[in-house]
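K.L.:
Quick one: this structure, given as structure tokens, is what I'll be asking you about.
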Amino acid sequence: MYKFIARRLLSTIPVLVIVAVLVFLLLRLTPGDPAAILAGDAASRDQIAQIRISLGLDKPIIVQFGIWVSHILRGDLGESFYFKIKVTDLIAQRLEPTLALASFTLVIAVLVSVPLGVIAAWRFGGWFDRALMGFSVLGFSIPVFVLAYILIWIVSLKLGWLPVQGYKRIGDGFWPFLRHLILPSITLSVIYIALIARVTRASMIEALGEDYIRTARAKGLPESRVLIAHALANAAVPIVTVIGIGVALLIGGVVVTESVYAIPGLGRLTVDAVLARDFPTIQGVILFFSFVYVVVNLLIDLSYVIFDPRIRY
Amino acid sequence: MDADAFSVEAAGVRQHESAWRRLRRNWSVRIGGSVLVLLVAIALAAPLLGTVDPTLFDAGSRDLRPGMTGQITTLDGDTIPHRFLMGSDSFGRDIYSRVIYGARVSLSVGLLVALLALAFGISAGLGAGYLRWLDGVLMRFMDGLMAIPGILVAIALVALWRGSLTTVVIAIAIPEIPRVTRLVRSLVLSIREEPYVEAAVSLGTPTWKIMFGHILPNTIAPLIVQGTYICASAILLESILSFLGVGLPPDIPTWGNIMAEGRVQFNEYPHNVFFPGLFLAVTVLAVNILGDGLRDTLDPKMARRV
Amino acid sequence: MSAVLEVRDLSVALPAGGDRRRAVERVSFNVERGEIVCLVGESGSGKSVIAQALMGLLPPALPVTGGSILLEGEDVVKLRPERLRELRATRMSMVFQEPMTALNPVMTCGAQIDEVLRQHTRLAPGERRAKILDIVHEVALPDPERIVASYPHQLSGGQRQRIVIAMALVLEPVLLIADEPTTALDVTTQAQILKLIQELQARHGMGVLFITHDFGVVAEIAHRVAVLRLGEMVELGAKIEVLMRPQHFYTRMLIAAVPKVHPQGRSADASAPLVLETRGLSKTYVDRGWFSGRRAVNAADDVTLEVRRGQTLGIVGESGSGKSTVARCIVRLIDPSGGQIRLGGEDIATRSRAALRPLRRKVQIVFQDPYRSLNPRRTVGEAIIEGPRNYGLSRREALERARRLMELVRMDPGVLNRYPHQFSGGQRQRICIARALAMEPELLIADEAVSALDVSVQAQVLALFEEIRARLNLAMLFITHDLRVAAQVCDYVAVMSHGRIVEQGPALQVFGGPRHEYTRALFAAAPGRDFAFGAG
């Protein structure tokens, strides 16, 4: 087991290195002078030259990368062009709303999707199964922002139950905080529910076709026990895996959802930074999101130890 | 085991039909395919469908509700009466024309991204699956690329390159490549273990012939399915980029741009968002349904998995 | 004697589009207390469908359409689901074919046995534990405490099957249904499991319905035998009667098709020219972990053998013995780690792929699985001419050769433009033989080439191999786990175990007086070896 954990920990290092290289190269991939692009269209020659020196763009690219990485390792992501503060501080400021939105979404999605997938697999081919599959295709197909506007239109504008937009910090009281999060979380969870329910259903169908399910039935166990203790226990690994992979989807969704609902989180920050061509911030946010994604998937892989005894020994 | 043997035989009976006939009998393929054909026809026939040039505007026809009649100024400066089926936006542009022409952008982006991602993914996947020295390096690279959420890669690339059809297509295709590569690589690795490939080796068939003659043809079905899904998610992502203002320039009629323009006045004029949103959702839905149908008929093994 | 199980006119429907209307057609038989009834048939005979019907485990696609299944007088067909669940594991139990997959991989073996007790009894935890340890001890598993705490993947196939048997018998049912319980096991493990079932049956006096395709197993274990063919019962009687004086033509055909365990006794010419010779051939798989250091597995170790023209060398061994590794090294599908492979005097063990090419056609191989040996997207004709075309034959000449070969393997040359899925397993194996012969090889390797086939088809394909060897004066390397098959076709036999050849020599000599301990154990384990089938 320790071998497995150690191997998995070590295997994230090359991934993180390549992520760093790619994020670094992102800026260098641009045709033309990066300093000129950074400076914007209205910049003077002197300003461009100054940017070039301040970013170390006059040095060889390997050296630049070395400097950049050494800064990152010291927790320094540079200073934002637009907001004029350290990118790390900027990320810290914007973290709470995104974290709240993402965790809310995750909880809703898992609580809804896993039971749905289990029931659909149990009644494979029946009306419930078909309805769920239909819903899941719809969930994959409807754009997050269209769904957001439909919900805003019905729930906030027509019914007036919930606020249209905005965010309240948890320090401002739990109820306002919750009221502002309900619609965004539901919006964001739809695609996630579609994904997890589909994978739950598929891996449950696969597990239910296994020989040990027949053994369990031959033992005279009731269906509920066959379904949970035998099938779901074996379907757990693909389900948690897809929850991890879906985090990428969640991050993408956060960017759009925060934009529509005017939530001042990291997703909104990404869009603002791109529109302002604020490159240190763009790099910093992408690096941060990728890091989170890698760490989440690392934790998920490590959780296999709980779900599958074959890894434990 | 006998029960199994029967189901295999029963399935075998169906396999005798050609893949084409099975496709035509599948309801998902029929529905998704027909809607898609209709959308392609609309996109191609856009000028014939009572539209005007989607970039035309008229200050006198701003913020019209759907179905109202107003006027529009042509490029020659003439003012002609026009019926705004889906209303107009705050510049006085015809939303109906913009939505219809927007289909062209969305469908071409979807198709081009799918082709591009497949082309690169297949080459990389075949390389990784067949050349051991390439495998490690290439797959680590793909792991790294996959660790960066695709939407962020696309946003950043478009922002750097400035939006045009080419840059948008490339930016959306790049994050899809690792997934195709992984799929092709795993297919190659499993197919090359098949006894019929080993038989070809002992028959003295050269490696390249085995690759293109035995292995590649057996990966086509899952790749077509994967391609459809990529097409659907590319259409979605393009509209998200446009909507966020980091995609194609705002004057180009894309569904995302129309919605981005309409969101400002969403409270009073929700149709500016809903009409393009409806088209977008229906298009993506049609492609996804088609994908599910193709998967069920062409790739039953995968159908059981997801 | 009193009937534990009475099956009367049982019929089970097949879904539309199958090859026949019913999976099982009006089948009737009894199982008495204290007897073992064997249900024998080839694949598709409906024998497993009957087993599942008895347990009420049939999938909805295969409904019982008529007849009754009386378990101690209660009709299983008409029972409510709750009552059926009460009967399972308490009155009737089942043991399955695949011990590797029959147990839940994420639950300990003890917990899986405990589930039965928790479901059907009100015993206290301590009593349950005592009962579990008892039954694990009774199925002769070593160190019950450890076994109970183990997960299935930590046990061998034979041990897992013992756990399944323990689970089935812990509540002392009156009927045990065993569905090919030893088919997936090696022959020595099979012998132990058969013995265990016999012992347990004698001790507890339950009725056993034993389903198998193997007449050797029938001869070993049955009291009475029922023979099934395409869902209908063609013969039912005492073991001796059925095996020695079969009445129905189908039973006679099946029994005649069982290969004899004693070799044919063909005298092989030791001076025929040498075609293949390996010297100290070895294949080592090295697992280089980041932390574990090097772990080497010797799949084949110092294998020295020779095959002469017109003769057949059989390599016999259980799974994991390295017999297929040797074959794959000789064809150079994998690269040997050491030793020589001399083909007509030239060593090909270390040749580069390019240098190997001209010699490839001399050695051809036929694989085990007829369903995966042909590319599903290519016609049979394309498959057969692929090799000759690689070596410069024109398309027309190659097709001409393909037609001749189809006749040689007793197939209609007119079907060359069909796709593999249109053929049965036996026919595909013939096509694979034709594909191999199209290269005009000097050595033909058959790697378990008849193992996936039903016994009647197997007999035909074996006869074909024999005929081809004789007609084309080929050297053959025949790899099999089945001693009967080896005895039938081989002039020489090499017995492999753990990557090494433990004994080799003329078939008559090895079969007649095995010298090595392992060979003796292997032969002793062959089911029904003392039984002269159809002698009467």
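K.L.:
Residues of segment C:426-482 being among the hydroxyl-bearing types (Ser, Thr, Tyr) and outside any helix (DSSP H, G or I), which ones?
P.N.:
Within segment C:426-482, C:Ser451, C:Thr480 meet the criteria.
K.L.:
Does segment C:36-48 contain at least one residue that is surrounded by fewer than 19 Cβ atoms within 10 Å (Cβ to Cβ), assigned to a strand (DSSP E or B) and within 14 Å of chain B (Cβ to nearest Cβ)?
P.N.:
So far as segment C:36-48 goes, no, none of its residues is surrounded by fewer than 19 Cβ atoms within 10 Å (Cβ to Cβ), assigned to a strand (DSSP E or B) and within 14 Å of chain B (Cβ to nearest Cβ).
K.L.:
Under 8 Å between Cβ atoms, at least 6 apart or on separate chains: pull out the pairs that start in segment A:202-218 with a residue that is away from chain C (no Cβ under 12 Å) and open to solvent by 20 Å² or more (accessible area, probe 1.4 Å) and end on any residue that is modelled with pLDDT under 90 and part of a helix (DSSP H, G or I).
P.N.:
Listed pairs, sorted by first residue: A:Ile205/B:Arg304; A:Glu206/B:Arg304; A:Glu206/B:Arg305.
K.L.:
Has segment C:332-339 got at least one residue that is among the charged types (D, E, K, R), assigned to a helix (DSSP H, G or I) and open to solvent by 20 Å² or more (accessible area, probe 1.4 Å)?
P.N.:
Within segment C:332-339 (the criterion being among the charged types (D, E, K, R), assigned to a helix (DSSP H, G or I) and open to solvent by 20 Å² or more (accessible area, probe 1.4 Å)), the answer is no, since none of the residues qualifies.
K.L.:
Which strands (runs of 3 or more DSSP E) sit wholly inside segment C:143-256 and have at least 3 residues that are open to solvent by 20 Å² or more (accessible area, probe 1.4 Å)?
P.N.:
C:232-238
K.L.:
Answer with yes or no whether B:Pro300 is open to solvent by 10 Å² or more (accessible area, probe 1.4 Å), farther than 26 Å from A:Ala248 by Cα and at pLDDT 85 or above.
P.N.:
no
K.L.:
Mind listing whichever residues of segment A:163-185 are hydrophobic (A, V, I, L, M, F, W, C) and open to solvent by 30 Å² or more (accessible area, probe 1.4 Å)?
P.N.:
A:Val164, A:Ile170, A:Phe174, A:Trp175, A:Leu178, A:Ile182 - these are the residues of segment A:163-185 that are hydrophobic (A, V, I, L, M, F, W, C) and open to solvent by 30 Å² or more (accessible area, probe 1.4 Å).
K.L.:
For segment B:84-136, what are the residues that are assigned to a helix (DSSP H, G or I) and among the hydroxyl-bearing types (Ser, Thr, Tyr)?
P.N.:
Matches in segment B:84-136: B:Tyr96, B:Ser97, B:Tyr101, B:Ser106, B:Ser108, B:Ser123, B:Tyr130.
K.L.:
Given the residues A:Gly125, A:Gly160, which is the only one that is exposed (fewer than 13 other Cβ atoms within 10 Å of the Cβ) and either within 24 Å of B:Leu285 (Cα to Cα) or not assigned by TED's automatic domain parsing to the domain that holds A:Ala262 (or both)?
P.N.:
Only one candidate qualifies: A:Gly125.
K.L.:
Identify, from the list A:Leu151, A:Leu99, A:Leu132, the residue that is under 30 Å from A:Gly78 (Cα atoms) and hydrophobic (A, V, I, L, M, F, W, C).
P.N.:
A:Leu99
K.L.:
Considering segment C:409-451 alone, what residues qualify as being basic (Lys, Arg) and surrounded by fewer than 16 Cβ atoms within 10 Å (Cβ to Cβ)?
P.N.:
Of everything in segment C:409-451, those that are basic (Lys, Arg) and surrounded by fewer than 16 Cβ atoms within 10 Å (Cβ to Cβ) turn out to be C:Arg410, C:Arg418.
K.L.:
Can you pull out the residues in segment C:355-369 that are more than 9 Å from chain B (Cβ to nearest Cβ) and in contact (Cβ under 8 Å) with a residue 40 or more places away in the chain?
P.N.:
Passing the criteria: only C:Lys362.
K.L.:
Provide a single number: the residues in segment A:232-248 that are surrounded by fewer than 20 Cβ atoms within 10 Å (Cβ to Cβ) and within 10 Å of chain B (Cβ to nearest Cβ).
P.N.:
Counting residues in segment A:232-248 that are surrounded by fewer than 20 Cβ atoms within 10 Å (Cβ to Cβ) and within 10 Å of chain B (Cβ to nearest Cβ) gives 2.
K.L.:
In addition: Can you tell me which residue among A:Val226, A:Val255 is free of Cβ contacts under 8 Å to residues at least 40 places away in the same chain and away from chain C (no Cβ under 14 Å)?
P.N.:
Within the list A:Val226, A:Val255, the selection yields A:Val255.
K.L.:
Filter segment C:119-154 down to the residues that are in contact (Cβ under 8 Å) with a residue 40 or more places away in the chain and farther than 20 Å from C:Ser93 by Cβ and list them by number.
P.N.:
C:Ala149, C:Ser150, C:Tyr151, C:His153
K.L.:
Go through segment B:1-54 residue by residue and tally those that are at pLDDT 75 or above, surrounded by 15 or more Cβ atoms within 10 Å (Cβ to Cβ), not charged (D, E, K, R) and not in a helix (DSSP H, G or I).
P.N.:
2
K.L.:
Right, here's the next one. Identify, by number, the condition in (1) under 24 Å from the mean Cα position of the chain (by Cα); (2) charged (D, E, K, R); (3) part of a loop (DSSP other than H, G, I, E, B) that C:Arg328 doesn't meet.
P.N.:
(3)
K.L.:
Pick from A:Phe174, A:Phe140, A:Phe124, A:Phe135: which is aromatic (Phe, Trp, Tyr) and modelled with pLDDT of 90 or more?
P.N.:
The match here is A:Phe135.
The values are calculated or read from the model by the stated rules, or taken from the named source; none is laboratory data. A quick note: this is a predicted structure, and the numbers were derived from the prediction, not measured. In this analysis, Cβ positions are derived from the backbone assuming ideal geometry, glycine residues included, and neighbour counts consider all displayed protein chains. Only protein heavy atoms, including side chains, enter the accessible area calculation; ligands, DNA and RNA are left aside. Shrake-Rupley method; radii C 1.70, N 1.55, O 1.52, S 1.80 Å.
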